[in-house]
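Beneath this line is the structure, given in structure tokens, with notes to follow.
The values are calculated or read from the model by the stated rules, or taken from the named source; none is laboratory data. Computed from a prediction, not measured in an experiment: that's the story for all the values here. Methodologically, a virtual Cβ is constructed for each residue, glycine included, from the backbone with ideal geometry; neighbour enumeration extends over all protein chains shown. Calculation scope for accessible area: heavy atoms of the full protein, side chains included, ligands and nucleic acids excluded. Shrake-Rupley method; radii C 1.70, N 1.55, O 1.52, S 1.80 Å.
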Amino acid sequence: MVNVGVIGLGRVVREFHIPSLLRIKEVKIKGICARTKTKERLSLASDIGANFYQDYEEMFEGENLNAVYVCSPTIFHKEMTITALKRGYHVFCEKPIAMNVDEAKAMCNKARQNSRILFNGYNRRFSPIYQKVKKFSKEKRINIFLLEKIRGEFVNMDKAAYNRIIEKEIKLLGPEIMEFGVHFVDLAKWICGKVTKTCFSSSKIPGISVCAGNGIAVFEHKRGQKSIMYFTLAG
């Protein structure tokens, strides 16, 4: 039996990660953790037979865990992951793995030092649709891929309100090319192979002050394919 602790109770955790873990008979969710205690979260803990915590280190002290799901905002990934690895836990960390390259390297190095698995949440690789795309690409020798992500919920939003929301989101999660773009970067490398050249052009939108990560990226791959990726928070 693998005893698991889950940090973070956002929509993806509630609707996907926890139900997936509950379907694995060799897994037991021992604790779930979020900063704010609510009736819904206490009810969730009760329903799945887990204890609720507001402090992840208290969960580490209170439960006999083998592995941890780190599904908190990206800004907390390094701290939580390294603390878990030091305790000897294997870690599933949601994407993007960290806020910058140095944090990511520190996390990976700690996993190696402690001989533990650190797995990042690139779920597209396990999607039957993308697996078919990869197979189709190999068979038909497709040379150009277009990957696009548009956050349509911001269309027609007041500019000042948009800036407030995005400033907060970028602080916690990183810019759009990190939060969602990492999926596309991973897919491009997984489907087309090693990247040999990268070009990126950022975009500036008049009147919108926060556009970090908006733009177009083009990857050239070793086997000759090109991946074109477009990201925008503006709709």
Looking at Ile165, Ile208, Ile216, which one is surrounded by 14 or more Cβ atoms within 10 Å (Cβ to Cβ), modelled with pLDDT under 85 and either part of a helix (DSSP H, G or I) or touching an Asp or Glu at 6+ places or on another chain (Cβ under 7 Å) (or both)?
Ile165
Just the residues that are over 25 Å from Glu220 (Cα atoms) and of a type in the set (Phe, Trp, Tyr), please, taken from the range 91-147.
Phe92, Phe119
Here is a check on your reading of the model: is Arg112 within 21 Å of the chain's Cα centre (by Cα) and surrounded by fewer than 19 Cβ atoms within 10 Å (Cβ to Cβ)?
yes
In the set Arg11, Arg41, the lone residue that is open to solvent by 50 Å² or more (accessible area, probe 1.4 Å), within 29 Å of Ser127 (Cβ to Cβ) and at pLDDT 95 or above is Arg41
Filter the range 1-58 down to the residues that are under 19 Å from Cys93 (Cβ atoms), of a type in the set (A, V, I, L, M) and over 22 Å from the mean Cα position of the chain (by Cα) and list them by number.
Val2
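Listed here are the residues, each with its yes/no results for (1) within 17 Å of Thr83 (Cβ to Cβ); (2) basic (Lys, Arg); (3) touching a residue at least 24 places away in the same chain (Cβ under 8 Å).
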residue	(1), (2), (3)
Val101	no, no, no
Ala106	yes, no, yes
Asn109	yes, no, no
Tyr122	no, no, yes
Ser127	no, no, no
Tyr130	no, no, yes
Arg141	no, yes, no
Ile144	no, no, yes
Leu147	no, no, yes
Residue among Leu85, Leu44 that is in contact (Cβ under 8 Å) with a residue 12 or more places away in the chain, within 13 Å of Val6 (Cα to Cα) and among the aliphatic types (A, V, I, L, M)
Leu44
For the range 49-104, how many residues are open to solvent by 40 Å² or more (accessible area, probe 1.4 Å) and either assigned to a loop (DSSP other than H, G, I, E, B) or closer than 20 Å to Phe16 by Cβ (or both)?
11
Looking at the range 168-193 only, could you name the residues that are in a helix (DSSP H, G or I) and not aliphatic (A, V, I, L, M)?
Lys168, Glu169, Lys171, Glu176, Glu179, Gly181, His183, Phe184, Asp186, Lys189, Trp190, Cys192
Any residue at all in the range 132-155 that is at pLDDT 85 or above, open to solvent by less than 90 Å² (accessible area, probe 1.4 Å) and of a type in the set (Phe, Trp, Tyr)?
no
Subset of the range 108-157 (residues that are part of a helix (DSSP H, G or I) and touching a Lys or Arg at 6+ places or on another chain (Cβ under 6 Å))
Tyr130
Would you check which residues across the range 99-119 are under 20 Å from Val12 (Cβ atoms) and modelled with pLDDT under 95 and list them?
Met99
